[in-house]
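Enquirer: Could you have a look at this structure, given as structure tokens, before my questions?
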Amino acid sequence: MLKHIDPLLNAELLFALQNMGHGDRLAIVDANFPAKSHAKNHFVSLTGVDASAVLASLLKHFPLDAFTEVPMWIMAEDGSEVPTEAARDFMRVKDSSEESEHQSILLDRQDFYVATRECQLVISTNDMRPYACMILQKGVIFD
């Protein structure tokens, strides 16, 4: 056990995060997403948690990319520009974190599936909310 590290961030997840570099992407996906088949390098399953809890925990340690206009993509219903309940929750979590200055955009479900195949890490959750999936692009730490 380590001090000041959220127990949600297990050793397997911390290892995968540490091995990511600037510009690498990770996906946090819901229970219905085919996570293992979309994972390029690392797949981590976190049972008993929703995607919002994972996002809140990650954003304490994971810098979003300041060198890109949009470092956060959230799955949307196909053809819809209206954020889902999960998307609104993800935006609220990001906006209440140290990463609040970064933008997020909605990405159609099919485009999200394609984009996930390029992620270095896919984190599967037990989130049962529809479209409770997002992609984050890793930035650099300046301090």
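Enquirer: Please sort by residue number the GluC sites (Glu not before Pro) in the range 73-143 whose DSSP state is loop and whose Cβ has at most 12 other Cβ atoms within 10 Å.
Expert: Counting only loop positions with at most 12 other Cβ atoms within 10 Å, the GluC sites (Glu not before Pro) in the range 73-143 are Glu81, Glu98, Glu101, Glu118.
Enquirer: Within the range 71-143, list the trypsin sites (Lys or Arg not before Pro) lying in a DSSP loop whose Cβ has at most 14 other Cβ atoms in a 10 Å radius.
Expert: Of the trypsin sites (Lys or Arg not before Pro), the ones in loops of the range 71-143 whose Cβ has at most 14 other Cβ atoms within 10 Å are Arg117.
Enquirer: Something else about it: Indicate the gyration tensor shape class of the chain (rounded, prolate or oblate), computed on the Cα atoms with a ≥ b ≥ c the square roots of the eigenvalues: a/c under 1.5 is rounded; otherwise a/b larger than b/c is prolate and the rest oblate.
Expert: Because its axes are fairly even, with a/c under 1.5, the chain counts as rounded.
Enquirer: For the range 4-83, state which chymotrypsin sites (Phe, Trp or Tyr not before Pro) are in a DSSP loop and have at most 15 other beta carbons lying within 10 Å of their beta carbon.
Expert: Phe67
Enquirer: Given H placed 1.01 Å from N in the peptide plane, which residues other than close sequence neighbours of Leu64 have an amide H under 5 Å from its amide H?
Expert: Gly139
Read-outs: derived from the displayed coordinates by stated rules, not from any lab. Since the structure is predicted, the reported quantities are computational estimates derived from the model, not experimental observations. Positions of Cβ are generated from backbone atoms using ideal geometry, with glycine treated the same way; all protein chains shown enter the neighbour counts.
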